[in-house]
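In what follows, a structure is listed as structure tokens, so that the remarks can point back to it.
The values are calculated or read from the model by the stated rules, or taken from the named source; none is laboratory data. The structure displayed is predicted, hence computed values, not measured ones. Counting neighbours? That spans all protein chains shown, and the Cβs are built from the backbone with ideal geometry, glycine included. The accessibility values were calculated without ligands, DNA or RNA, using every heavy atom of the protein model including side chains. Shrake-Rupley method; radii C 1.70, N 1.55, O 1.52, S 1.80 Å.
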Amino acid sequence: MKKRIISILLCCSAILALTACGGKDNTKSETQAPETTAETTSETEAVSNDKDLPDGDYSEMGEGSAYIACAGGTSENGNVPVIYSEKDQVLIQIGLNSTDFNGAALSFIYIDGMEVAKEQLADSQISLDLQDAQLETGIHKVEVVQYTDDDPAAGMITYKTMAYEIKEK
């Protein structure tokens, strides 16, 4: 009897985990990734002056690829998926998918320069919680970084960037 209850709970947990990013498909538009502009930079800088990942002219490097996925699409091929949010929205989850990452190195995940997670990514799918400033209207930058010896003070060995846009409903 206990095995049956445990297996039912596991099935329910798996179903919830797989549908957590689902929901109403209110976001059908995608826009192409904008070139870095002063407006985008000033929006990002306005979020916080004390960033965990200092502003810099970083370029994509390292093994593998990563993209974010949400109801508005994916960031593959430079797209910027649009997420519609209400003013009183507290939390939205998006997916982060990675392929061919170095699983031996810890991946540091930043949104608008602020560290939001540390994950061991390889061929992985994880959820990121967007809240507070990450839900403000505008374009937000997601960066995945791996460092030598998992030390942010050391050099970067992997850097991947993508973006999402928040619009009001």
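Report whether or not K169 is in contact (Cβ under 8 Å) with a residue 12 or more places away in the chain, within 27 Å of D50 (Cβ to Cβ) and open to solvent by 10 Å² or more (accessible area, probe 1.4 Å).
Details: in contact (Cβ under 8 Å) with a residue 12 or more places away in the chain: yes; within 27 Å of D50 (Cβ to Cβ): no; open to solvent by 10 Å² or more (accessible area, probe 1.4 Å): yes.
Considered against the rule, which asks whether it is in contact (Cβ under 8 Å) with a residue 12 or more places away in the chain, within 27 Å of D50 (Cβ to Cβ) and open to solvent by 10 Å² or more (accessible area, probe 1.4 Å), K169 comes out as no.
I'm trying to understand the selection: among the residues of the range 93-107, which are under 11 Å from the mean Cα position of the chain (by Cα), open to solvent by less than 50 Å² (accessible area, probe 1.4 Å) and touching a residue at least 40 places away in the same chain (Cβ under 8 Å)?
Answer for the range 93-107, where residues must be under 11 Å from the mean Cα position of the chain (by Cα), open to solvent by less than 50 Å² (accessible area, probe 1.4 Å) and touching a residue at least 40 places away in the same chain (Cβ under 8 Å): I94, G95, L96, S98.
Give the residue that is farthest from T158 (Cα to Cα), with candidates limited to residues of the range 106-137 that are in contact with a Gly (Cβ under 9 Å, 6 or more places away or on another chain) and of a type in the set (G, A, S).
Among them, the one singled out is S127.
From I126, I139, grab the single residue that is at pLDDT 90 or above, under 14 Å from S75 (Cα atoms) and touching an Asp or Glu at 6+ places or on another chain (Cβ under 9 Å).
Every option except I139 fails the conditions.
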